[in-house]
Every structure is written in structure tokens, then in C-alpha cells.
Amino acid sequence: MKEKKSSYFTATWKMLAAVIIGGIAGGVSVVIYELMKKGIDAGIRTINGTIQQYIFPALIIIAVVTVVVGEYSLYRLKNVYKEMKDADEDRFYELDYEEEKWGAWTSGVNLVSQVACIIILSFGYSLKYIESGKSRYFLFACIIFILCYFYDIYLSVRYVKAIQAAHPEKKGDPTSSKFTEQWVEAEKEIIYKSAYKTYIVLNKVIPILLLLTLIANMFLNTGILAVLVVAVIYLVTGMTYIRSSMVSKAKRIG
């Protein structure tokens, strides 16, 4: 009972401390914001204007880097699989690490490329900017974005095919809508371990992002949509975990 009371007391004073600190920080930030408002607004306009001028070349650079790094990492991965066929035990363990490394590079460049392209394109992806007359290269930027996105899909398919060629037990068609479920079955252990770490990281990062989007909306008028999107992601991840946990426990009882 004492331990329970102690834990309740600790949780209560931590919450109160967080509220007090948050209130003080909010008050201070409002004062600072009012003092710096003109400078912040000008800085944001300058950053937006600068990025908008270079959307097209930036997407070209991203696309070129994506192709170069993607092809190189996939080439190295295929070489690892070739060497694995005749490797002794000691060398096989080294190659196993190389497989993970170059597989991570291939997947990583694919993900970073998609996110970077979307972020860069989003600076000009508005009717106001398109109608302003400053967007003469924006159509070409959209074409580069689509080409890069299709290359990312193509790279991911080739990556899966390379893995399946070396590990025939890993089934699934990467172009199928049911591929995720099929791939999970083949990579169950690795995915479960990764999902555990991902869940822990998300539980720490998403609340921080939610707070940041809330503050950004207050001071920078970024709009409620960003807050809603992060809130929905937080809700979906949390509810998915709760539902999955309940189903898992029900199966054990049954």
C-alpha cells in the first residue's frame, strides 16, 4: 500500500511540475516571440522563398544521389550474396553482417529519397505559389518527383528480388497488395524485434512532435492540419497496440 501511495504521489508531483514548467516556458516563449515576431516572419519568408527558387535543381540532385547510392548499395548486396555461396563459416558470419549493412543502405536511401522529395516539393505545392508566376519550373519539378518516386518503387522491388534469389524460403510478390503479410511471415523474428524498438521510439517521439506542432500553430500559424495528422498517427499507433495486445491475450486464454 505504501508503495502504491508513493507511486501515486510521485506521478502527481511530476505532473504538477510539468504543468508549472510548461506554463513558465509558455509565458517566456510568448514574450520572446512578440519581441522577435518581425524577425521570425521575415526569416520564414526568406527560407520559403529561397527553397522555392531551388525546388527543381534540389529534386534533380536528390534523384541523382538516389540512383547512384541505390544502384551501388544493391550492387554490393548482390556481390555479398554471390560470395556467400562458397564462403567458409568465419567468412559467412562477416558476409551476414555485410548483407544487413547493404540491405539497410538500400532500404534507407529508398526511404530518405521519398521523404526528401515530398518535403522539397511541398514548399511549392500550393495554388498560391503556382498562380504567382514564380513557378515556371514547377511542372518539371513534379515530373522529376514522379520519376524519382517510380525509381524508388523499382529499387524496392529489385531489392526484394535479390533477397529472394539468395533466400528462396522468403516468398511473396513485391508487386502484390498482400506482399506485406507474406513478407512478415518470412521475416517474422527480425520484424518483431524491430517493431518492439520502433514502438518504444514512437512513444517518445510522437508526443514531442504533437507538442511542437501545437506550439508551431500558435506562433507560426502553421494550421491545425499538422496537429491533427500527428494526433491521428499517435491515436492509431496506440490503439493498434492496445487492440493487438487484447487479441493476443484472448488467444492465450482461448
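At-a-glance table
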{"read-out": "Top-ranked residue in the range 67-126 [being of a type in the set (Lys, Arg) and out of contact with any helix residue (DSSP H, G or I) (no Cβ under 7 Å at 6 or more places or on another chain); ranked as surrounded by the most Cβ atoms within 10 Å (Cβ to Cβ)]", "value": "LYS101"}
{"read-out": "Filtered residues of the range 147-169 (kept if within 11 Å of ALA63 (Cβ to Cβ) and under 19 Å from the mean Cα position of the chain (by Cα))", "value": "CYS148, TYR149, PHE150, TYR151, ASP152"}
{"read-out": "Cross-chain or 6+ apart pairs with Cβ under 7 Å, the range 53-80 first and free of Cβ contacts under 8 Å to residues at least 60 places away in the same chain and over 20 Å from ILE146 (Cβ atoms), then assigned to a helix (DSSP H, G or I) and of a type in the set (D, E, K, R)", "value": "VAL80/GLU98; VAL80/GLU99"}
{"read-out": "Number of the condition not met by ILE146 [criteria: (1) open to solvent by less than 80 Å² (accessible area, probe 1.4 Å); (2) modelled with pLDDT of 90 or more]", "value": "(1)"}
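The values are calculated or read from the model by the stated rules, or taken from the named source; none is laboratory data. Please read all numbers here as calculations on a predicted model, not as lab measurements. Cβ: placed from backbone, ideal geometry, glycine included. Neighbour counts: every protein chain shown. Accessible surface areas use protein heavy atoms only, side chains included; no ligands, DNA or RNA. Shrake-Rupley method; radii C 1.70, N 1.55, O 1.52, S 1.80 Å.
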